[in-house]
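The values are calculated or read from the model by the stated rules, or taken from the named source; none is laboratory data. Because the structure is a prediction, the values reported are computed rather than measured. Here the Cβ positions follow ideal geometry from the backbone for every residue, glycine too, while neighbour counts run over all protein chains shown.
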Amino acid sequence: MRSLVKNKQIFLYAQYNNRIPILDSDGYETGDYEAGYLAPVSFSASISAGRGDAQNEVFGKELDFTRTISTTDMTCPINEHSLIWIETEPVLKPDGTAEPDSADYTVATKPARSLNSIMIAIKWRQKNGGV
């Protein structure tokens, strides 16, 4: 499998950065945390139209995922903690980092790396408001 330029789509992804403590109304830590992500970055790769039999065998029959991303760019930094935006633009926090709830997809499992390519299973996220 090789990546044809005409099959590539541009999308955005954000890497997990750290966990951020949740504060109560008085400014004290509650003991709970939320995930913190870096600013979204653009990447281009082949994105499948939907789930199919060929993709099922790569990740196993029981894994629940919606689409796959495949690339021959072995420097692709997307991992199992990344967030992905394909259909929409990310919402940014005031500090320029990604708002996690605005992501279209999450990575379903650790990307499958072979000698010449990377296959990433992604799962669609239902956002607030049912969209």
- Got a sec? Which strands (runs of 3 or more DSSP E) wholly within the stretch 1-48 have at least 2 residues that are more than 16 Å from residue 103 (Cα to Cα) and without any contact (Cβ under 8 Å) to a residue 24 or more places away in the chain? 16-23, 29-37
- Within the stretch 81-131, considering residues that are of a type in the set (Asp, Glu) and either touching a strand residue (DSSP E or B) at 6+ places or on another chain (Cβ under 8 Å) or within 20 Å of residue 17 (Cα to Cα) (or both), the one surrounded by the fewest Cβ atoms within 10 Å (Cβ to Cβ): 95
- Quick one: which of 42, 25 is of a type in the set (Ser, Thr, Tyr), at pLDDT 95 or above and surrounded by fewer than 11 Cβ atoms within 10 Å (Cβ to Cβ)? 42
- Note on the structure: Checked pairs for the stretch 78-107, first within 14 Å of residue 65 (Cβ to Cβ) and modelled with pLDDT of 90 or more, second loosely packed, with under 13 Cβ neighbours inside 10 Å and not β-branched (Val, Ile, Thr), C-beta under 6 Å and 6 or more apart or across chains, list as 80/110; 104/87
- Message: Just to be sure before I move on: is residue 62 at pLDDT below 95, of a type outside the set (S, T, N, Q), in a helix (DSSP H, G or I) and loosely packed, with under 15 Cβ neighbours inside 10 Å in the structure I sent?
- Response: no
